[in-house]
Amino acid sequence: MSLFPIYLKLTARPCVVVGAGAVAAGKIESLLAADAKITVIAPEATARVQEWAEAGDLRWERREYREGDLAGVFLVVAGTSTPAVNRAVFAEASAAGVLCNSVDDPPFCDFYFPSVVRRGELQIAISTGGESPALAQRLRREIQEALPLDTGDWLKELGWLRREVTAAEPLGEERRLFLHDLAQREVCGYEQCPSRIRARRHAAEHGLAASKAAPEEKEP
């Protein structure tokens, strides 16, 4: 099976999770991190899910799933302990063109939840195509240990510096190569940061004035 790796913007998009046990709670947490608009449908829920509902982070409909619950939904997770219910959710989702993940049932999934390493805006997603979630989790732990804890802070500063460069320099090969070079260097938030000084010098040498009307290049 060929999978297309993609990052979806779920902010304020309606997403449904059918089920509210421990497994479903993990999926709910991932959707919360993406700022999705979440409705949970389940007669019972774990303490975590109840806390999220009480805090207003999601809406909990305390009942069984029924056909028609996916009207207007962008994405659904079928996370009950009853395979027949999960497959009914998948059938409705397929008919309605709604993306569906049926937990621990790969043939009834349009997408999988990857194991994710997060450092601020940096996200590294690992998927085994449903073959071995345990391997994905092991790789996630290894990458977590290898990445410095301040990588997110460094990336934030690199982003600010990149925006300074793209605002000052015209589009072209010089700028592209320089941005790739900056990604190899230490960047800090101070005005006298060597990378910032170097960026300003580079802008002065390669056409400061042409600037802001130029479209930004696409990153590979």
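Read the figures in this text as sums done on the coordinates, not as results from a lab. Treat the numbers as computed from the prediction; the structure is a model and nothing was measured. Methodologically, a virtual Cβ is constructed for each residue, glycine included, from the backbone with ideal geometry; neighbour enumeration extends over all protein chains shown.
If neighbour count is taken as other Cβ atoms inside 10 Å, put I41, I28, I143 in order from fewest to most.
In increasing order of surrounding Cβ atoms, one gets I143, I41, I28.
Would you be so kind as to identify which of G19, L3, G152 lies farthest towards the positive end of the dipole of the chain, taking Lys and Arg as +1 and Asp and Glu as -1 on Cβ and the Cα centre as origin?
G152
Given charges of +1 on the Cβ of Lys and Arg and -1 on the Cβ of Asp and Glu, with all other atoms neutral, how large is the dipole of the chain about its Cα centre, in debye to the nearest 20?
Once rounded to the nearest 20, the dipole reads 280 debye.
Where does the charge balance sit around G68 when Lys and Arg score +1, Asp and Glu -1, over other residues with C-beta under 15 Å from its C-beta?
With Lys, Arg at +1 and Asp, Glu at -1, the neighbours total -3.
How much of the DSSP beta bridge set in the chain is antiparallel, as a percent to the nearest 5? Before the final figure, lay out the partial values.
Numbers: 6 of 22 bridges.
So the antiparallel bridges in the chain amount to around 25 percent.
Where nothing but the Cβ of Lys and Arg (+1) and of Asp and Glu (-1) is charged, how large is the charge dipole of the range 1-113 around its Cα centre, in debye to the nearest 20?
Charge dipole, the range 1-113, about its Cα centre: 180 debye, nearest 20.
Subtracting the Cα-Cα distance from 0.36 nm times the residue separation, let me have the gained length for A22 to A146 in nm, one decimal.
Stretched out fully, the A22 to A146 stretch lengthens by 41.8 nm.
Treat each spin label as a single point 7 Å out from the Cα along the C-beta direction, and report the A91 to D181 distance in nm.
Taking the two extended label points, one gets 6.2 nm.
Just name one of A96, L177, P43: the one whose Cα is farthest towards the positive end of the charge dipole of the chain (beta-carbon charges, Lys/Arg +1, Asp/Glu -1).
The residue sitting most towards the positive pole is L177.
Between the range 145-166 and the range 49-99, how many Å separate their Cα centres?
Distance between centres, Cα-based: 37 Å.
Let me check I've understood the local charge: for E92, count other residues with C-beta under 11 angstrom from its C-beta, Lys and Arg +1, Asp and Glu -1. What total comes out?
0
Could you work out [θ]222 nm for the chain from helices alone, using -39500 (n - 2.57) per DSSP H run of at least four and dividing by all its residues? Round to the nearest 500 deg cm²/dmol. Intermediate results must be reported in sequence, preceding the final value.
Working: 7 runs with 88 residues, N = 220.
Theoretical 222 nm ellipticity from helices: -12500 deg cm²/dmol.
Grab the other residues whose beta carbon is less than 14 angstrom from that of L31, score K and R as +1, D and E as -1, and report the net. Spell out each step's value before the answer.
Values: positive: K9, R13, K27, K37, R48, R59; negative: E29, D35, D57.
Around L31, the charge tally is +3.
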